[in-house]
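These notes are about the structure you will find just below.
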Amino acid sequence: MKTESNIELCSCKEIHNDCVDCVRDNMLSETEFTELSEFFKVFGDPTRLKIIYALFKAELCVCDIAEVLSMTQSSISHQLRVLKSSRLVKFRREGKVVYYSLDDEHIKDIFATGLIHIGEK
């Protein structure tokens, strides 16, 4: 059966209790879903994705990132705060310069998986 929005629906009302119970027994907590949702929201901004991608290539300071993306340092700093608070980037200080890099390899994996997914047709 199709609805007005072309979503396929069952034409019966049969509940598969074993499947339902299995999923319910293994469901994440509300806190975990909230944290995961907040984590993925960070990936919902094109500027933050560009910063993440740039940091795949090299450890960069705010000046470098601003130059690469043709943006102001202030705009980049704001996005880096969001990325840092989500533990996607880390920094190190060398004299007066602060260098940013990806927090860990998981970030590359998440990004790469997203690219593979959007490349599927």
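Rounded to the nearest 20 debye, the dipole magnitude of the chain is 760 debye, with +1 charges on Lys and Arg beta carbons, -1 on Asp and Glu beta carbons, and the Cα centre as origin. Suppose R0 equals 35 Å. What FRET efficiency, 1/(1 + (r/R0)^6) with r the Cβ-Cβ distance, do H117 and K96 give to the nearest 0.05? FRET efficiency, H117 to K96: 0.30.
Using bins of 5 Å that start at zero, the share of Cα-Cα pairs per bin across the chain amounts to 2, 9, 15, 16, 13, 11, 10, 7, 6, 5, 4, 2, 1, 0, in whole %.
Computed extension length for F40-Y53: 3.1 nm, one decimal, from 0.36 nm per residue of separation with the Cα-Cα distance subtracted. According to a simple spin-label model (label point 7 Å from Cα along Cα-to-Cβ), what is the distance in nm between Q73 and L28? It is 3.7 nm.
Taking the average, over residues, of other Cβ atoms within 10 Å as the packing measure, peptides 90-100, 65-75, 29-39 rank 65-75, 90-100, 29-39 from highest down. Tell me, how many Å apart are the Cα centres for the range 13-33 and for the range 103-118? Between the Cα centres of the range 13-33 and the range 103-118 lies a distance of 27 Å. Here is the P(r) of the range 1-55: all C-alpha pair distances, binned every 10 Å from 0, give 18, 21, 28, 25, 9, 0 in whole percents.
Values in this text are rule-based calculations from the coordinates and carry no lab data. Bear in mind the structure is a predicted one, so any value in this text is a computation, not a measurement. In this analysis, Cβ positions are derived from the backbone assuming ideal geometry, glycine residues included, and neighbour counts consider all displayed protein chains.
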